[in-house]
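Just below is one structure, and these are the notes that go with it.
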Amino acid sequence: MKSSYMPKIACIGAGNVGATAAQYCLEMELGNVVLTDIVEGLPQGKALDMTEAGPIRNYGATCIGTNEYKDIEGADVVIVTAGLPRKPGMTRLDLLEKNGTIISGICEQIARYAPDSVVILVTNPLDVMVYLAYTKLGFSANRVVGMAGCLDSARMRSFVAMELNVSMKNVDTMVLGSHGDTMVPLPHYTTVSGIPITQLLSQARIDAIIARTRAGGGEIVSLLKTGSAYYAPAAGAARMAQAILRNERQLLPCAALLQGEYGLKNIYVGVPCVLGANGVEKILELDLSKEEQSALQRSAEEVQEGIDGLRQIGLL
Ligand code: APR
């Protein structure tokens, strides 16, 4: 990317997560934003509203809303949040079919109009949808990445900071595995200004924080009653976009394609990744305890079941 170049970010899906991600990208001055949705008027209205916030919030990038995929042409980063949440009465397979069909259609358009982009998937079930996107896009795996670990580890960081009454900025952590009940939070890689939390908290409190992190999405759903989390998921996606667009080489947990790392093959799950201009520049292999390694294996098995489900319904 040339230094004077204003990057282009396409946000596909102008719902809660997509529009909030667009807003963060504008506020962070990451580039010009194109907000896309199938609902007529929705992306246009939100984009105009965000444009009108610019003079007050002091950002200069443009934001346009559209129902036309051709407007994402040449995007450097594409953030995909389009999809449906699981509704009462819907089975896991129903959701796979609905969101899988949406993601497949969108990937065709991304491959056509933004063939050089790095694609950040957010739609759930995340690890399965990002695998589907990878197969449909035909991009190299480093340019197709899923947002989950950033969110899960941000939740855990918040809970540790609340527990110890310290700044969230001092807390670092790493959460591996799939974005769901089987995620693998790593307490011995969780520190407060370099001090492992195992020295600051009892095992019982650490276990409670891990349980709350695993159930973090559900906790928000039960409070909101009619929707799911969007500020933190959108913040995770924008954080990843920043690392890519500014070639920061940030070490972040992301869903990446594993080809032998952690003993897993041809599957997307959350692992520590160095994110830079080429997307996933590197996957780090941490030393895991036997329990953590088998928890990661279980997590991968759950993702594999989802991938098998996609095959069953003919989407793969
Ligand atoms: N192309 C573009 N947009 C689409 C398409 C499509 N083919 N199909 C659906 N959408 C749009 C919907 O019109 C809606 O505006 O996706 C948007 C989804 O927005 P919300 O329903 O508000 O959902 P949101 O809370 O943003 O979550 C989106 O992110 O975190 C995940 O689990 C969450 O999978 C969900 C996704």
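Could you say whether any residue in segment 117-124 is at pLDDT 95 or above and more than 22 Å from THR36 (Cα to Cα)?
No: segment 117-124 contains no residue that is at pLDDT 95 or above and more than 22 Å from THR36 (Cα to Cα).
Could you list, in sequence order, all residues of segment 62-93 that are more than 26 Å from LEU26 (Cα to Cα), out of contact with any Lys or Arg (no Cβ under 8 Å at 6 or more places or on another chain) and within 12 Å of the ligand (Cβ to nearest atom)?
Selection gives LYS87 alone.
Touching a helix residue (DSSP H, G or I) at 6+ places or on another chain (Cβ under 8 Å), within 18 Å of LEU284 (Cα to Cα) and not charged (D, E, K, R): is that true of VAL175 in this structure?
Details: touching a helix residue (DSSP H, G or I) at 6+ places or on another chain (Cβ under 8 Å): yes; within 18 Å of LEU284 (Cα to Cα): yes; not charged (D, E, K, R): yes.
Judged against the criteria, VAL175 is a match.
Might you check whether a residue that is more than 15 Å from THR123 (Cα to Cα) and in contact (Cβ under 8 Å) with a residue 60 or more places away in the chain occurs anywhere in segment 31-47?
Yes - at least one qualifying residue is present in segment 31-47.
Just to check your reading of the model, which residue among THR62, THR66, THR81 is closer than 27 Å to GLY306 by Cβ and β-branched (Val, Ile, Thr)?
Numbers: THR62 fails: closer than 27 Å to GLY306 by Cβ; THR66 fails: closer than 27 Å to GLY306 by Cβ.
Just a single option satisfies the conditions, and that option is THR81.
Just to be sure before I move on: is ASN142 in contact with a helix residue (DSSP H, G or I) (Cβ under 9 Å, 6 or more places away or on another chain), modelled with pLDDT of 95 or more and among the polar types (S, T, N, Q) in the structure I sent? Spell out how you get there, then give the answer.
Working: in contact with a helix residue (DSSP H, G or I) (Cβ under 9 Å, 6 or more places away or on another chain): no; modelled with pLDDT of 95 or more: yes; among the polar types (S, T, N, Q): yes.
Here the answer is no, as ASN142 does not meet what is asked.
Name every residue in segment 102-119 that is of a type in the set (D, E, K, R) and either within 14 Å of the ligand (Cβ to nearest atom) or within 17 Å of THR135 (Cβ to Cβ) (or both), in order of residue number.
GLU108, ARG112
Between ALA14, ALA22, ALA47, which is near the ligand (Cβ under 10 Å from one of its atoms), under 22 Å from the mean Cα position of the chain (by Cα), crowded, with 21+ Cβ neighbours inside 10 Å and modelled with pLDDT of 95 or more?
From the options ALA14, ALA22, ALA47, the qualifying one is ALA14.
Considering GLU40, GLU27, GLU52, which residue is surrounded by 14 or more Cβ atoms within 10 Å (Cβ to Cβ), among the charged types (D, E, K, R) and either within 23 Å of ALA82 (Cα to Cα) or not assigned by TED's automatic domain parsing to the domain that holds ASN247 (or both)?
Selected residue: GLU27, the only one of GLU40, GLU27, GLU52 that is surrounded by 14 or more Cβ atoms within 10 Å (Cβ to Cβ), among the charged types (D, E, K, R) and either within 23 Å of ALA82 (Cα to Cα) or not assigned by TED's automatic domain parsing to the domain that holds ASN247 (or both).
The values are calculated or read from the model by the stated rules, or taken from the named source; none is laboratory data. Model, not experiment: these values are computed from the prediction. All Cβ positions, even for glycine, are placed from backbone atoms using ideal geometry, and neighbour counts span all protein chains on display.
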